[in-house]
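One structure is given below, encoded as structure tokens.
What follows is calculated from the coordinates using simple rules that are stated; it is not laboratory data. The model shown is predicted, which means the values in this text are computed figures rather than measured ones. Because the Cβ atoms are built from the backbone with ideal geometry, glycine has one as well, and the counts that use them run over all protein chains shown.
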């Protein structure tokens, strides 16, 4: 029986590609490094901002990463207006909430920025937990953030579904023992997602409700 849903945030609930690119680009350029283009961002989508910095500028010293991260958090808020709510995201959350399903967000962005994004679209009240970059030592594709979210919701891992748009989301969910639902609203190539063998692949997040209804009906 599925009792909870753990959502990725970027490109699962919101379209934040340009916000991330602009914030990372501004951060690196302000320190004299090369900027970030879309191709570079797509190559590490679903991983951490540190992975993006390393991919964009391999010469960055590790000791500068914390400074860059703090600057990035500030720059993200400068460009947050570029983020858009994805179609049917609100309707999906409302439908799942009406069924008394517990929900959490697991993201590789900072918890502060994640909450600000959710608040900007009046979505924060749907979630019993938000697990951000700073909340676990290991990040997606590690299962650790999923495990932490399930614990925060008070649910067993077998009672949750993980919804995300990247191969890292699917890998994390499967490693945690959850049902995995890949949604193709992001920029990750579909072949990378399919390599991780998600339980379900959908084109729009609204289909999550149908899948959970089907799964739970089998338990009745």
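I'd like the FRET efficiency for residue 125 and residue 61, computed as 1/(1 + (r/R0)^6) with the beta carbon distance as r and R0 of 30 Å, rounded to 0.05. Walk me through the numbers before you get to the answer.
Values: r = 41 Å, r/R0 = 1.38.
Here the calculated transfer efficiency is 0.15.
Can you tell me the 0 to 90 degree angle between the C-alpha axis of helix 17-30 and the longest principal axis of the chain, rounded to 10? So the inclination is approximately 20 degrees.
Compared with the dominant principal axis of the Cα atoms in the chain, helix 207-217 is inclined by about 40°. Counting only alpha carbon atoms, the long axis of helix 144-153 and the longest principal axis of the chain meet at about 50°. On a C-alpha basis, how far is the centre of the range 1-60 from the centre of the range 92-163 in Å? Whole number, if you could? Taking the Cα centre of the range 92-163 as reference, the centre of the range 1-60 is 18 Å away.
Among 86-97, 141-152, how do they line up by average Cβ neighbours within 10 Å per residue, starting with the highest?
Values: 86-97: 17.4, 141-152: 21.5.
Put in order of decreasing packing, that is 141-152, 86-97.
When shorter helices are ignored and each DSSP H run of at least 4 residues is given -39500 (n - 2.57), the per-residue value for the chain at 222 nm works out to -13000 deg cm²/dmol.
For the range 1-102, what is the relative contact order in percent, using Cα pairs closer than 8 Å and at least 6 residues apart in sequence? Could the numbers behind the result be given before it?
On the way: 89 pairs, mean separation 42.1, N = 102.
Relative contact order for the range 1-102 comes out at 41 percent.
Work out how much length residue 39 to residue 151 would gain on full extension: take 0.36 nm times their residue separation and subtract the Cα-Cα distance, in nm to one decimal.
Length gained between residue 39 and residue 151: 36.8 nm.
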